[in-house]
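Trainee: Below is one structure. I have some questions about it.
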Amino acid sequence: MPIQVVDVYTDPLAPSKSLDELFRTEEGKNMQKKKAAEQAQEAAEAERKLEEEVRAASLAQDAEEKADKAGASLYSLLTKTKDFSPGQLSWDQS
């Protein structure tokens with residue numbers, strides 16, 4: 001059992017408490033601290049996951065924009081080449 005420090009008051013008007021009550025209060029404070037630490041850890045984990053999701057969404061948006069540009073470029077190229085006939089193109093250097 002860990003060592004616990006208890007404040008003792010000699011004020012005659014102070015309400016009297018048994019040792020059990022004093023130790024229970026300390027245990028309650030320790031439990032509150034533990035819960036607060038767990039909640040802080042959970043919040044940090046949630047924040048990290050949110051940051052990852054935001055980054056993934058940003059990467060997906062960038063990829064979609066690049067794909068749209070590539071598709072538009074390909075469409076433009078295909079539109080321009082549909083007017084060519086096979087006889088118009090030659091690989092011979094004359």
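Trainee: Looking at (1) at pLDDT below 90; (2) surrounded by 10 or more Cβ atoms within 10 Å (Cβ to Cβ), which is the only condition GLU51 fails?
Mentor: Unmet for GLU51, out of (1) at pLDDT below 90; (2) surrounded by 10 or more Cβ atoms within 10 Å (Cβ to Cβ): (1).
Table: residues versus (1) touching a Cys at 6+ places or on another chain (Cβ under 8 Å); (2) assigned to a helix (DSSP H, G or I); (3) not basic (Lys, Arg).
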site: ASP11; (1), (2), (3): no, no, yes
site: PRO15; (1), (2), (3): no, no, yes
site: GLU21; (1), (2), (3): no, yes, yes
site: GLN32; (1), (2), (3): no, yes, yes
site: LYS49; (1), (2), (3): no, yes, no
site: VAL54; (1), (2), (3): no, yes, yes
site: LEU74; (1), (2), (3): no, yes, yes
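Trainee: Further, regarding this structure: Might you let me know whether the stretch 54-67 holds any residue that is among the basic types (Lys, Arg) and at pLDDT below 75?
Mentor: Within the stretch 54-67, none of the residues are among the basic types (Lys, Arg) and at pLDDT below 75.
The values are calculated or read from the model by the stated rules, or taken from the named source; none is laboratory data. Quick caveat: nothing in here was measured; it's all calculated off a predicted structure. As a convention, Cβ positions derive from the backbone with ideal geometry for all residues, glycine included, and neighbour counts pool all protein chains shown.
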